[in-house]
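Notes for the one structure printed next.
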């Protein structure tokens with residue numbers, strides 16, 4: 001490789017390394033989650049729910065916060081669930097991961113594989129862009145909505161500015177908003193998560209957006225900065241205390 005080619009290559013490598021370290025830094029000190037979406041093998045999902053509850057008890061013993069959520073609007077086919085693990089930071093995440101092969105898990109997977117109750121559709125990790133939020137913050141909420149956005153190339157800055165403005169507005173109208181960047185298993189998308197105490201609060205929030213001039217202006221200003229890939233609504237079945 002000639003020096004003429006090597007110099008720009010070195011600059012590209014340095015930039016890539018800086019971005020990687022930046023992402024690792026966010027992961028190290030921010031709430032970290034893993035989502036596993038499971039589909040029941042039957043239209044009576046009690047066996048899958050029971051299996052997830054057993055897994056939750058093991059994960060909690062190993063330091064994770066666990067949430068089990070049933071998909072509602074936006075899902076299709078047989079009943080599906082999100083099994084969500086949360087940690088305050090990467091250190092807590094690593095501690096749990098190091099125990100993946102212990103005796104508790106060996107016994108669990110032996111039992112689960114003898115009579116499978118669900119199919120894993122996909123999994124991914126996410127990093128909360130707000131470093132001040134602990135994993136325990138997410139216990140005991142009600143229905144939620146998730147919007148998955150693909151940033152437009154070169155428009156990430158404008159997109160995040162709009163998302164942070166939307167978060168402030170939506171919080172003022174009663175939602176509890178959290179923004180996540182995808183990690184392993186993802187494709188660089190952003191997840192805009194809205195939590196509510198109950199269905200009445202969610203309905204009130206929707207009413208508050210109708211004709212809201214600030215919201216209409218924000219949507220117009222953000223046009224073209226990202227593409228909506230999909231959305232889903234769900235309800236919690238279980239949450240760690």
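FYI, it's all coordinate maths here, none of it is from the lab. All figures in this text were calculated on a predicted structure; none of them were measured in a lab. All Cβ positions, even for glycine, are placed from backbone atoms using ideal geometry, and neighbour counts span all protein chains on display.
Annotations for the structure displayed:
- Ordering of 30-36, 51-57, 118-124 by packing [mean C-beta count within 10 Å, highest first]: 30-36, 51-57, 118-124
- Comparing mean-square fluctuations of 168, 92, 217 from a GNM of the chain with C-alpha springs under 10 Å, the top value falls on 217.
- Using only alpha carbons, the stretch 62-168 has a radius of gyration to Kirkwood radius ratio (Rg to Rh) of 1.01.
- Relative contact order [Cα under 8 Å, 6+ residues apart], the chain, whole percent: 27
- Cα-based Rg / Dmax (Å) for the stretch 128-241: 14.4, 41
- Using a Gaussian network model of the chain in which every pair of alpha carbons under 10 angstrom is joined by a spring, one finds that among 95, 61, 139 the greatest mean-square fluctuation is at 61.
- Restricting the calculation to Cα atoms, every distinct pair contributes to the Kirkwood radius of the stretch 38-94, found to be 12.4 Å.
- Spatially, the stretch 27-82 and the stretch 179-241 are offset by 20 Å when compared through their Cα centroids.
- Where the alpha-carbon atoms of the chain are placed on the principal axes, they occupy 59, 58, 33 Å, in descending order.
- Helical mean residue ellipticity (222 nm; -39500 (n - 2.57) per DSSP H run of 4+; nearest 500) of the chain: -13500 deg cm²/dmol
- Values of log10 I(q)/I(0), in the order q = 0.13, 0.23 Å⁻¹, for the stretch 92-141 under a Debye, Cα-only, solvent-free model: -0.56, -1.06
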